[in-house]
1. How big is region 1-90 along each principal axis, measuring the range of its Cα positions in Å and listing the largest first?
2. When only Cα pairs under 8 Å and 6 or more residues apart are kept, what is the percent relative contact order across region 3-98?
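No lab work stands behind these numbers, since they all come straight from the coordinates. Because the structure is predicted, anything quoted here is derived from the model rather than measured.
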Amino acid sequence: MSKDVLTITPNARTRILTLIEKREKPSVGIRIGVRARGCSGYTYTIEYADDIKEFEEVIAVEDYKVCIDPKALLFLIGTKMDYVEEKLQSGFIFKNPNEKGRCGCGESFHV
């Protein structure tokens, strides 16, 4: 698969590295997935990756890896992952060209 599956911005790269360094347990990186949830159908998931699972798409970023759950791969093609810090909230955001819409609160999407 092409490395265009997921683009990770410099802000997101820095934040991921900070989270991994602060974790008290060694990690190979993070795992990104999609789960059925929310009022629009799907939500993004991010968790620490202690290992690389079979069939995962793996993107090497600096000193860590971003593992993409194989069930989420088709949902994420062409997605840009960013990290934003604003006065009232901060977090990872996904700009996904495959989304057909989002719920009013912005927590879930549908394709």
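1. 36, 31, 23
2. 31
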